């Protein structure tokens, strides 16, 4: 999950390019994987630790990442891996090989900061760690990234593993609204347009934010 890479800030533009070449990568013990981009985000977008907005207090995340495989698929991967093992196949090794072969280089559009509201936020689910909303926050502030390698990863997972991850919606969560022990870990954005329409859970509302508000 290394985030070491070459970062280039485009002159006279609001775009930042970051190189993340293929390298050895492995799922963690929860069968999830994140691409760490902390160093690149901190260099491209220096932001304050805390924001107070009408919705409440927002704290800056300690690390920044793009999710490749999140909590929503961990149980399905576990079940698929167990079934593959009975056939004498190692599915986890196959996924690790795919992850390691991907070039996760990306660009950041500094004008793509979003304020995101989770319309399906369930404080009790977060408190009890139950159901699909167990880790979902109420509000977040995110920034979009263009990561072509994630599309390749999704394609290979569907074609070679048989797991359909839906539509890639690569982004980085910068801030999470604080709700005490029911704060959650972010909002899973897997299909931005579908979630805004209400076709995909969690349903969300978004509005653009100026990056100046974060400084």
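No lab work stands behind these numbers, since they all come straight from the coordinates. None of these values were measured; they are calculated from a predicted model. Ideal geometry is used to build each Cβ from the backbone, glycine not excepted, and the neighbour counts take in all protein chains shown.
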Shape call, the chain: gyration tensor on alpha carbons, a/c limit 1.5: oblate
Contour minus Cα-Cα distance for residue 197 and residue 151 (0.36 nm per residue): 14.4 nm
Alpha carbon centroid spacing (whole Å) that separates the range 162-191 from the range 109-124: 8
Nearest-0.05 FRET efficiency for residue 21 and residue 74, computed from C-beta distance (R0 35 Å): 0.85
Choice from 156, 203, 87 with maximal GNM fluctuation in the chain (Cα, 10 Å cutoff): 87
Highest-fluctuation residue, 15, 67, 170 considered, GNM on the chain with Cα pairs under 10 Å: 15
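Test of understanding: what is the full-extension gain from residue 83 to residue 14, defined as 0.36 nm times their sequence separation minus their Cα-Cα distance?
Values: separation 69, 0.36 × 69 = 24.84 nm, distance 4.69 nm.
Additional length available on full extension: 20.2 nm.
Multiply the residue gap between residue 205 and residue 96 by 0.36 nm, knock off their C-alpha separation, and tell me the result in nm, one decimal place.
Numbers: separation 109, 0.36 × 109 = 39.24 nm, distance 3.41 nm.
Answer, rounded to one decimal: 35.8 nm.
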At R0 = 45 Å, FRET efficiency that the Cβ-Cβ distance of residue 164 and residue 55 yields, to 0.05: 0.85
